[in-house]
Amino acid sequence: MKQIDSIEIVLENCEVLKIPIDYISFFSFRGIKEDLFYNKANGIIKESHCEEFIISLKEEALNIKSNISKEFLPIRLKQKDIAVIYVYYSDETNLKIVVPWKGEETNELQTNIFNDDLTIEISIKEN
């Protein structure tokens with residue numbers, strides 16, 4: 001099995017939150033499906049999407065900043081606009097999965113729970 005190095009959370013405005021695997025307690029994707037597209041310029045394009053994404057972040061993740069706004073992870077996540085997840089492996093390959101989305105600039109399907117022990121739980125699932 002491949003070793004995971006990090007997870008990148010890509011937000012609606014293309015900001016990125018890169019989370020080392022050591023800062024993650026748990027994550028899962030359910031209902032992963034793959035679509036294939038073709039166009040002359042790019043050839044065949046594969047896109048994976050899921051019906052559900054869940055992640056539980058440890059307290060250490062609180063100090064992660066986004067690459068553009070430089071806001072800390074808890075502040076940035078309150079906008080509820082996660083669009084894509086990248087899983088990065090130690091062999092330098094990655095897996096891109098588009099999460100379910102409903103709404104304009106805010107993902108109405110995203111739920112964030114900020115626990116008293118400073119952990120964060122995020123869930124995104126289709127209705």
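Would you be able to tell me the number of residues in segment 58-70 that are in a loop (DSSP other than H, G, I, E, B) and either under 18 Å from Thr111 (Cα atoms) or modelled with pLDDT of 95 or more (or both)?
Of the residues in segment 58-70, 1 are in a loop (DSSP other than H, G, I, E, B) and either under 18 Å from Thr111 (Cα atoms) or modelled with pLDDT of 95 or more (or both).
May I ask you to verify whether Ile32 is aliphatic (A, V, I, L, M), touching a residue at least 12 places away in the same chain (Cβ under 8 Å), surrounded by 11 or more Cβ atoms within 10 Å (Cβ to Cβ) and in contact with a helix residue (DSSP H, G or I) (Cβ under 8 Å, 6 or more places away or on another chain)?
no
For residues that are farther than 25 Å from Asp22 by Cβ and either touching a helix residue (DSSP H, G or I) at 6+ places or on another chain (Cβ under 6 Å) or at pLDDT below 95 (or both), tally how many sit in segment 81-102.
The total comes to 0.
Testing Arg76 on (1) in contact with a Leu (Cβ under 9 Å, 6 or more places away or on another chain); (2) of a type in the set (Lys, Arg); (3) farther than 17 Å from Cys14 by Cβ, one condition comes back false. Which one is that?
With respect to (1) in contact with a Leu (Cβ under 9 Å, 6 or more places away or on another chain); (2) of a type in the set (Lys, Arg); (3) farther than 17 Å from Cys14 by Cβ, Arg76 is out only on (3).
Is it true that some residue in segment 6-15 is among the polar types (S, T, N, Q), in contact with a Ser or Thr (Cβ under 7 Å, 6 or more places away or on another chain), under 16 Å from Val87 (Cβ atoms) and modelled with pLDDT of 95 or more?
no
Return the total of residues in segment 70-103 being more than 14 Å from Ile113 (Cα to Cα), surrounded by 13 or more Cβ atoms within 10 Å (Cβ to Cβ) and in contact (Cβ under 8 Å) with a residue 12 or more places away in the chain.
16
For residues that are at pLDDT 95 or above and in a loop (DSSP other than H, G, I, E, B), tally how many sit in segment 16-57.
Residues meeting the conditions: 4.
Is it true that some residue in segment 56-67 is within 13 Å of Val10 (Cα to Cα), of a type outside the set (Lys, Arg) and in contact with an Asp or Glu (Cβ under 8 Å, 6 or more places away or on another chain)?
There is at least one residue in segment 56-67 that is within 13 Å of Val10 (Cα to Cα), of a type outside the set (Lys, Arg) and in contact with an Asp or Glu (Cβ under 8 Å, 6 or more places away or on another chain).
The values are calculated or read from the model by the stated rules, or taken from the named source; none is laboratory data. Treat the numbers as computed from the prediction; the structure is a model and nothing was measured. As a convention, Cβ positions derive from the backbone with ideal geometry for all residues, glycine included, and neighbour counts pool all protein chains shown.
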